[in-house]
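First comes the structure, then the notes that go with it.
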Amino acid sequence: MLAGHVLGSTIQTVLSLAVVIGIALLTGFRPTAGPLGWLAALGVLVMTSFALTWLSVGLGLAAKTVETASNSPMFLLLLPFLSSAFVPTSSMPAA
């Protein structure tokens with residue numbers, strides 16, 4: 001049952017990714033990568049989605065209450081803010 005949920009979530013993520021890429025192409029995004037580069041990027045995104053979904057399943061299974069199960073994966077929402085997607089790394093302070 002859990003594998004079906006994870007597979008369904010991964011398919012939903014791939015469909016969302018297709019919509020985002022389609023809208024980007026409609027608004028003027030012109031990629032310079034070749035088909036192999038696109039395939040590699042899609043593979044990384046799908047595997048990341050798959051791994052984070054299984055991580056969320058594991059956190060939910062380890063929770064003692066329903067409230068804890070729904071709130072334990074919340075830290076995953078902060079992951080994009082830890083990357084250089086929003087701020088160039090050259091402007092960040094030294095660790």
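Once fully extended, how much extra length lies between Val87 and Leu52, figured as 0.36 nm per residue of separation less the alpha-carbon to alpha-carbon distance?
Numbers: separation 35, 0.36 × 35 = 12.60 nm, distance 2.32 nm.
That pair, Val87 and Leu52, stretches by 10.3 nm at full extension.
Provide the per residue accessible area, probe 1.4 Å, for the chain, rounded to a whole number of square angstrom.
Working: 7380 Å² over 95 residues.
Counting only protein heavy atoms, the per-residue value for the chain is 78 Å².
With runs of 4+ DSSP H residues as the only contributors, calculate the mean residue ellipticity of the chain at 222 nm using -39,500 (n - 2.57) per run, divided by the residue total and rounded to the nearest 500.
Details: 3 runs with 59 residues, N = 95.
Computed ellipticity for the chain at 222 nm equals -21500 deg cm²/dmol.
Ignoring ligands, DNA and RNA, please state the percent of accessible area on the chain from carbon and sulfur, probe 1.4 Å. Could you put the intermediate results ahead of the total?
Values: 5630 of 7380 Å².
In the chain, the share of accessible area belonging to carbon and sulfur is 76 percent.
Quick check: the angle from helix 35-62's long axis to the longest principal axis of the chain, C-alpha only, nearest 10 degrees?
20
Take the chain, connect every pair of alpha-carbon atoms lying under 10 Å apart with a spring to form a Gaussian network, then pick out the residue of Val57, Val44, Val14 with the largest mean-square fluctuation.
Val44
The values are calculated or read from the model by the stated rules, or taken from the named source; none is laboratory data. No experiment lies behind these values; they were computed from the predicted model shown. Keep in mind that these areas ignore ligands, DNA and RNA; they rest on the heavy atoms of the full protein, side chains included. Shrake-Rupley method; radii C 1.70, N 1.55, O 1.52, S 1.80 Å.
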